[in-house]
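Peer 1: For reference, the structure I am asking about is given below.
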Amino acid sequence: MEQFDRRGVIGAGLALAATPAFAKDPKVTFKVPDGAADCHHHIYDPRFAYNPKAVLKPPFATVTDYKALQKKLGTSRNVMVQPSTYGTDNSCLMDVLAQMGENCRAVCVVNSKVTDDELKTLHAAGVRGVRVQFGVGNPVGEDEVIPLARRIAALGWHIQCNMPPEQLVAMESRLLSLPVPVIIDHLGRATGTDQPQYNTVRKLLDSGRGWVKLSGAYLYGGGTPPDYAGASAAAKGYIKAAPERCVWGSDWPHPDATKVLNPVAMPDDVTLLNLMPQWAPDAKLRHRILVENPERFYGFDPARRPKAN
């Protein structure tokens with residue numbers, strides 16, 4: 001791993017987080033329900049070496065840092081997503097699950113070399129899916145997606161996809177044919193409702209087996225804060241089509257806002273969460289997206305909803 005001065009790097013990351021693209025110290029504008037889940041975030045821990053071939057090598061962002069964000073947002077459950085930075089080494093992910101306990105789930109990155117025993121170990125720790133991510137050195141090839149899906153089906157896992165719009169569209173029929181649920185990251189990179197990638201996500205949703213993460217509104221030209229108009233149009237369309245298969249995610253600590261090539265402005269996490277009343281004006285609908293849907297998809301216990309932070 002590249003050598004960093006840990007305090008300096010963390011300080012730089014916090015400085016970025018303290019200078020959002022909009023508003024100064026905004027507050028959450030709605031009552032966040034007990035058991036609300038942030039279904040998409042990452043952890044970058046200096047105890048675990050970055051993959052030397054990784055495209056993204058963002059500042060460290062630890063479990064301690066993330067717990068501070070939870071208190072700010074009011075969320076009390078979380079889904080840690082293996083970032084491309086660690087490749088197929090899920091050691092950091094396993095450590096996060098051990099630290100955070102029953103209110104945490106995770107999505108790993110594995111390829112065809114993974115053993116059945118390794119999959120069982122990941123499942124016992126709280127992993128519930130495999131992430132397929134093209135365009136940033138993903139170790140999972142297109143030809144491995146269907147065989148992997150067949151292997152994880154017995155575990156009740158899903159495939160999570162993050163890829164350029166044109167590739168998502170090209171893989172539409174393959175994704176529709178998978179024997180497991182499919183969830184698409186970051187609104188499918190749609191910034192409106194008249195794009196091929198939006199139509200592909202809608203087909204997945206309409207199939208009854210597709211899900212979408214209402215995350216990454218600040219990415220891919222989705223608009224400007226606080227409304228992110230283009231991304232918001234896509235989010236509203238998805239919610240109208242399949243409110244029972246939408247979940248929300250922060251995408252903290254926003255690695256795409258720290259990459260070298262074409263970085264986006266560092267967003268404010270509260271501003272992103274405050275999109276929810278705009279996307280889902282009804283409190284019952286927000287409860288479904290933030291609490292009930294994650295319970296069903298990730299296996300959180302409905303009888304043990306933790307109090308909002």
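Peer 1: Report D for the chain in µm² per second (integer): Stokes-Einstein, Kirkwood Rh on Cα pairs, 25 °C, 0.890 mPa s. Mind dumping the intermediate values first?
Peer 2: Details: Rh = 19.3 Å.
In µm²/s, the coefficient is 127.
Peer 1: Given H placed 1.01 Å from N in the peptide plane, which residues other than close sequence neighbours of Trp248 have an amide H under 5 Å from its amide H?
Peer 2: Answer set, sorted by chain and number: Cys39, Leu214.
Peer 1: If you put +1 on each Lys and Arg Cβ and -1 on each Asp and Glu Cβ, how big is the dipole of the chain around its Cα centre, in Debye rounded to 20? Display every interim value, and only then the final one.
Peer 2: Working: 36 positive and 31 negative charges, 133 e Å.
About 640 debye.
Peer 1: For segment 224-309, with the dipole built from +1 on Lys and Arg beta-carbon atoms and -1 on Asp and Glu ones, taken about the Cα centre, which of Thr258, Trp279, Tyr298 lies farthest toward the positive end?
Peer 2: Tyr298
Peer 1: So, with +1 on the Cβ of K and R and -1 on the Cβ of D and E, and no other charges, what is the size of the charge dipole of segment 196-309 about its Cα centre, to the nearest 20 debye?
Peer 2: 400 debye
Peer 1: While we're looking at this one, here's another question. Run the helix sum for the chain: -39,500 (n - 2.57) per DSSP H stretch of 4+ residues, divided by residue count, reported at 222 nm to the nearest 500 deg cm²/dmol.
Peer 2: Computed ellipticity for the chain at 222 nm equals -9500 deg cm²/dmol.
Peer 1: Which of rounded, prolate or oblate describes segment 35-191 when judged by the alpha-carbon gyration tensor and an a/c cut-off of 1.5?
Peer 2: Working: a/c = 1.44, a/b = 1.37, b/c = 1.05.
Judged from the Cα gyration tensor, segment 35-191 comes out rounded (a/c under 1.5).
Peer 1: Rg and Dmax of segment 88-136, Cα atoms, in Å?
Peer 2: 10.9, 32
Peer 1: Related question: How big is the dipole moment of segment 228-284 about its Cα centre under a simple scheme where the beta carbon of each Lys and Arg is +1, that of each Asp and Glu is -1, and everything else is neutral? Debye, nearest 20, please.
Peer 2: 220 debye
Peer 1: Further question: Read phi for every residue in segment 188-193 and hand back ³J(HN,Hα) as whole Hz from Karplus 6.51 cos²θ - 1.76 cosθ + 1.60, θ = phi - 60°, with x for Gly and Pro.
Peer 2: Per-residue couplings from phi come out as x, 6, 7, 10, x, 10 Hz.
Peer 1: Could I ask something else about it? Which distance in Å, rounded to a whole number, links the C-alpha centroids of segment 66-115 and segment 199-229?
Peer 2: 22 Å
Peer 1: Evaluate the distance, in nm, between pseudo-label points positioned 7 Å from the Cα of Asn111 and of Leu285 along their respective Cα→Cβ axes.
Peer 2: 4.3 nm
Peer 1: Return the percentage of antiparallel bridges among DSSP beta bridges fully within the chain, rounded to the nearest 5 %.
Peer 2: Here the share of antiparallel DSSP bridges comes out near 5 percent.
Peer 1: Continuing with this model, one more query. Per residue, how big is the convex hull of segment 98-226 when only Cα atoms are used? Give it in Å³.
Peer 2: Residue-normalised Cα hull volume stands at 131 Å³.
Peer 1: Measure of size requested: the Rg and Dmax of segment 203-242, with Cα atoms as the atom set and Å as the unit; please supply both.
Peer 2: Values for segment 203-242 (Cα only, Rg and Dmax): 11.0, 32 Å.
Peer 1: Note down the relative contact order for the chain as a percent, whole number, built from C-alpha pairs under 8 angstrom at least six residues apart.
Peer 2: Over the chain, the number comes to 22 percent.
Peer 1: Fully extended, how many nm does the chain gain between Asp301 and Lys53 (0.36 nm per residue separation, minus their Cα-Cα distance)?
Peer 2: Extra length from Asp301 to Lys53 when fully extended: 85.5 nm.
Peer 1: Expressed in nm², what is the orientationally averaged projection area of the convex hull enclosing the Cα positions of segment 157-281? Each step should come with its number before you reach the end.
Peer 2: Numbers: hull surface 29.5 nm².
Over every viewing direction, the Cα hull of segment 157-281 projects on average to 7.4 nm².
Quick note: the coordinates plus some simple rules give every number you see, no bench work behind them. Fair warning: this is a prediction, and the values are worked out from it, not measured in the lab. Every residue, glycine as well, gets a Cβ built from its backbone with ideal geometry; the counts of neighbours run over all protein chains shown.
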